[in-house]
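> Before I ask anything, let me first share the structure, which is written out below as structure tokens.
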Amino acid sequence: MSRIVDRAGTWIGWALFADLASAFTLTFGYMFSKPVTMQYPDKEKWLPYSRYRGHHFLKRDEEGEIKCVACELCARICPCDCIEVVPYEDENGKRHPAKFEIDTARCLFCGLCEDACPADAIALGQQYEFSSFSSRDLVIGRDDLLGKPGKAMTGGGVVTARLNTEQDVLVEASEPQGYNWWRNIRRT
Amino acid sequence: MELLFALGLIAIKIALLIAMLLLLPLPLTWLERKIAGHMQQRMGPMRVGWHGLLQPVADGIKLLTKEDHIPAEADRFLFKLAPILALAPPFVVFVAIPFGESISVLNAEITLYVSNLNVALLFVFAVIGLEVYGVIFGGWAANSKYAVLGSLRTCAQMISYEIPMGFAVVGVVMLAQSMSLVDIVRAQSDLWNIVYQPIGFFVFFVAGLAEAQRIPFDLAEAEGDLGAGFHTEYSGIRFALFMVSEYVVVLLVSVLSVILFFGGWNGALIPLPPLLWFALKVAFFIYVFMWFRFTLPRYRYDQLMAIGWKVLLPLSMANIIITGIAFT
Ligand code: SF4
Ligand code: SF4
């Protein structure tokens, strides 16, 4: 009995375009719902999580000395062969890199160099805005790597930003957590 | 003097009409992208001008400065002719379309149409049928598989949907006892035709969707399976001409729906200037077109043919018979 009603109901619905009507109400509802677009870089900017693998940076120890001991393990494990380390020995007999170059144009940001490093000297930080017009600019030397920003501390979220064409994207106001950008996403 | 004045008036009207039809696709593309964006919870164009309002201008400049590429194996003459053939008929049709009764400017009554043909409806359907040549030539001349397939589909689709479309408006003609679009609108001053002709409107609108090659009937340029259909090989300004013609056809079908079934410039409830009423109704139909586009998937080719011949054609015939029995 219920099946017959069911079928009749389907048929009536079909004749009155019930499926189309529900589709149109759905899209109409979406039309007036808030967009989920993150307006990067005009208004907002995403903050990476602390586990984010962005641009590499080299660390210093407490004395301000570069941590890297130029063991070249990172260069060895790198699947893209994009790290080049040339060691030297300083007056105390310690090894340090005379030259440490990463070709970020070839790098695939796998993070293996970070895992391999015995001295905890290299890591992948939070910076993700380093596009360039020339691939030569993407070969980053030792001193630049020392100055790169480290791991993100806040993690996730969106903060207000403003595009500054002279420099990079400037983050203007940065609340520690930002907002949860899933808040407008409709899940039915 | 009298003649000169009349001729000058017609020239001015035609110039205005052409300017309007050429410029209207600009806001329409913006609107379409905005609607698409918001229906998908995106924002659409945002960066050129306020809320992306100048985006169509930027796109236009881009299209105008792109390389005008003609494939080596193409039939050069037909290839160049096709966009013009696709563009001209929708423009010509607007000669017969009334936008209102008349307005008085400097004590002179100026009618809001270029000409009030007594067979306007016939003229509209005859001329709009010619648009298919542009599509056929475009697909054929490009000498590309996708283009030929697209234009073959278009031919079949246009021809099979023109028939129910033509039959669907017969009911309207029977009610108004006239083929002049102005008379048809005047006949609806009490009650709009949609009340008498719901089936006619349904058939007309579905066939209009097919005629304008919009989703769910956009098989001719199905991005998923045909690249871009008949205009796959077109670039730059010629591609822009095809796009303009597509939007003008959308406008045309909206205008015709309003004139034939929704009382043209006759208002209801709120007293507004007739021209504004007309524009509002047309805008609503254009919105419906876009709403359909971002809601529905595409029909399969055999379904398209089945709908045309097995559903719309009998429905439109039945509509004629019912109208004939009930109202005359
Ligand atoms: S992240 Fe991977 S690819 Fe990039 S430098 Fe390190 S090891 Fe090489
Ligand atoms: S960064 Fe680490 S792994 Fe690479 S050379 Fe220096 S100490 Fe060795």
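Every read-out reported here was derived from the displayed coordinates using simple, explicitly stated rules and does not represent laboratory data. From a predicted model like this one, the values you see are computed outputs, not experimental measurements. Note that we place each Cβ from the backbone using ideal geometry, even for glycine, and neighbour counts take in every protein chain shown.
> Would you mind checking which residues have amide H under 5 Å from B:Thr295's amide H? H placed 1.01 Å from N; only 5 or more apart, or other chain.
The list, which skips near neighbours in sequence, is empty: none.
> Assuming 0.692 mPa s and 37 °C, estimate D for the protein assembly as shown with Stokes-Einstein, Rh taken as the Kirkwood radius over Cα pairs, in µm²/s.
Translational D for this selection: 117 µm²/s.
> Could you derive backbone 3J(HN,Hα) for the range B:227-237 from the dihedral phi with the Karplus parameters 6.51, -1.76 and 1.60 (θ = phi - 60°), listing whole Hz in sequence and x where the residue is Gly or Pro?
Coupling constants for the range B:227-237: x, 10, x, 5, 9, 4, 8, 8, 9, x, 5 Hz.
> For the range A:55-146, what does the relative contact order come out to in percent, with C-alpha contacts under 8 Å and a separation of six or more?
36 percent
> Write down the Å³ per residue value for the convex hull defined by the alpha carbon atoms of the range A:55-146.
Measuring per residue, one finds 94 Å³ for the Cα hull of the range A:55-146.
> For the range B:241-246, just list the computed ³J(HN,Hα) in residue order, Karplus coefficients 6.51, -1.76 and 1.60, θ = phi - 60°, integers in Hz, with x standing in for Gly and Pro.
4, 4, 5, 4, 5, 4
> Give me the net charge for the shell around B:Gly52: Cβ to Cβ below 13 angstrom, other residues only, Lys and Arg +1, Asp and Glu -1.
Around B:Gly52, the charge tally is +1.
> Name the residue farthest towards the positive end of the dipole of the protein assembly as shown from the options B:Ala306, B:Val93, B:Gly8, assuming +1 on Cβ of Lys and Arg, -1 on Cβ of Asp and Glu, about the Cα centre.
B:Ala306
> Same structure, new question: Hey, what's the Kirkwood Rh for the range B:28-132 if you take every pair of different alpha carbons, in angstrom?
17.9 Å
> Gap in Å between the Cα centre of the range B:227-301 and the Cα centre of the range B:1-56?
About 12 Å separates the Cα centre of the range B:1-56 from the one of the range B:227-301.
> Here's a follow-up. Note down the magnitude of the dipole of the range B:105-196 about its Cα centre, charges +1 on Lys and Arg C-beta and -1 on Asp and Glu C-beta and zero elsewhere, to the nearest 20 debye.
Approximately 380 debye in magnitude.
> Take the alpha-carbon positions of chain B, form their convex hull, and give its projected area averaged over all directions (one quarter of the hull surface) in nm².
For the Cα atoms of chain B, the hull's average projected area reads 19.0 nm².
> Could you state the per residue volume, in Å³, of the convex hull enclosing the Cα atoms of the range B:225-328?
Value for the range B:225-328: 162 Å³ per residue.
> Could I ask something else about it? Please give, to one decimal in nm, the separation of the simple spin-label points placed at B:Leu275 and B:Leu81, each 7 Å out from Cα toward the Cβ.
Using points 7 Å along Cα→Cβ, the separation is 3.9 nm.
> Would you mind giving the mean number of other chain beta-carbons within 10 Å of the Cβ of each residue in A:26-35, as a whole number?
Mean partner-chain Cβ count within 10 Å for A:26-35: 5.
> If contacts are Cα pairs under 8 angstrom and at least 6 residues apart, what is the relative contact order of the range B:65-327 in percent?
The normalised contact order for the range B:65-327 reaches 26 percent.
> So for the range B:1-118, averaging the separation of alpha carbon pairs under 8 Å that are six or more residues apart and normalising by length, what relative contact order in percent results?
Taking the mean separation of contacting Cα pairs over the length of the range B:1-118, I get 18 percent.
> Top mean-square fluctuation among B:Leu28, B:Leu112, B:Leu252, Gaussian network model of chain B, C-alpha springs under 10 Å?
Checking each option, the largest mean-square fluctuation is seen for B:Leu112.
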